[in-house]
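Here the structure is laid out as structure tokens; the discussion comes afterwards.
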Amino acid sequence: MKNDTKKILTTNLSDLIGKYEKSDVLAELEREYLSLPIRQISLQEITTNKYLKNVRYSDKKIRKLIDSYGESLFIEPLVCRLVDEKYEIIIGHEKFLAAKVLNIQQMKVTITNYNDEETLLILLALARKQEQKNIVEFAVLFRALAKEFNYTQQNIARLSYLSRPQVTNIMRLLKLPSDVLKLVQEEKISYGHARALINYPSEKVKELAKLIAKEKLTVREVEKMFAKEQDTEQSPKIVQTGRKVTVFFNDEEEAKAFAAKIKKDND
């Protein structure tokens, strides 16, 4: 393990992708880190991973974890790395949050020396294993891999078991305001809702997201609202049937203004 960082830095991209796209990669890593010394560390000395600082886990999910596993949740240690005199979590974020809810003061920790790139790949392998996917977590990890290490969307697709268009759509979520992404992570609106909201003007998105959460609107209802709004805003309305184009105006004045603009453009 002591030489892992050096080894990782000289590993080429195809080898890393080949390793981390394997479904059993987490089991392989577990065999490595469970053989390391385990220490008891105060929660005050442990910090969340820098890549996941804006990722939230719903209270419902953490409570379900506690109810399902009880004290056995804390048998295995957190996997951390030492960064700026703090123990930054790589594996065990939800377990750490559960310990905070239960007011636990210390946790078992094993310390590794993974670099940033491999840390991201481990986080992605953990995210794809989750039964209930946190789509915003995927988006954040995708962006970091693309921005910091030049991973293509095709590479990311292989690592996440998704298609390239799915990766594109997930990354687009990060265009939404943080308040809206928070609602997605709290499971108050769905990924489908979030995708529909991307089409809306930014000044309307927050308001509409709150409405979806409050009124429990379906994705189809949101899409219909957008289509209706587009129809209302588009004036004049232009409809093309085969080679024929028909223009509909709200009144005679609008028709004259449109004709004058066309004439001016053609002069």
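Throughout, read-outs are computed from the coordinates displayed, never taken from laboratory work. Note that the structure is predicted; figures quoted are calculated from it, not measured. Counting neighbours? That spans all protein chains shown, and the Cβs are built from the backbone with ideal geometry, glycine included.
Given K61/K86; K60/K210; K50/K147; K19/K60; K95/K214, which pairs have Cα atoms separated by over 24 Å? Over 24 Å Cα-Cα: K61/K86; K19/K60; K95/K214. Residue farthest toward the positive end of the dipole of segment 1-150, with Cβ of Lys/Arg at +1 and Asp/Glu at -1: which of I90, N54, L36? In segment 1-150, that residue is N54. Straightening the chain between S163 and Q106 buys 16.4 nm, computed as 0.36 nm per residue apart minus the Cα-Cα spacing. Would you list, by chain and number, the lysines whose Cα falls below 19 Å from the Cα of K261, excluding same-chain residues fewer than 8 positions away? Leaving aside lysines fewer than 8 places away in the same chain, those within reach of K261 are K237.
Only Lys, Arg, Asp and Glu carry charge here, each on its Cβ (+1 for the first two, -1 for the last two); on that basis segment 50-119 has a dipole of about 380 debye about its Cα centre. What FRET efficiency would be calculated for the residue pair E71, T48, taking the C-beta separation as r and a Förster radius of 25 Å, to the nearest 0.05? My answer for the efficiency is 0.65. Taking 7 Å steps out from each Cα toward its Cβ at N12 and F149 produces label points 1.7 nm apart.
Length available on full extension from R220 to R31: 0.36 nm per residue minus the Cα-Cα distance, which gives 63.4 nm.
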